[in-house]
Amino acid sequence: MDATKAFEKSLAVRPTGKYVLRLFVAGATVRSRQAVLRVRQLCEAELKGGCTLDVIDIYQQPKLARENQIVATPTLIKEFPRPVRRFSRNLLSTAALFAELDLITKGKIA
């Protein structure tokens, strides 16, 4: 199968399964705690259990921060489904977060 056909096939088939999110935070600051709480709320309320969230403290796991090219915190990365998306602004804006990460559920933006 050539590359074009493989690409077209991947576009035609929507991935199934859970969203895989990685949230990078810097320590136990108020901002970090708010980001974790907000993303967990979004996973529970909007993705209805269809989400796996990994919270990574860049102070405890600096290698992961380097590998993922984290330059600001909090940063949320949607690993799956592809394409990978990043969001490193204010995580309190639900609509902006869902639009930026392409986390659209049931035909609407949360």
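Data table
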{"quantity": "Label point distance in nm, Ala28-Phe80, each placed 7 Å from Cα along Cα→Cβ", "calculated": "3.1"}
{"quantity": "Glu44-Val71 pseudo-label distance in nm [points 7 Å out on the Cα-to-Cβ vector]", "calculated": "3.5"}
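Since every read-out is calculated from the coordinates, none of them should be taken as a lab result. All values reported here derive from a predicted model rather than from experimental measurement. Cβ coordinates were reconstructed from backbone atoms using ideal geometry, including for glycine residues, and neighbour counts include every protein chain displayed.
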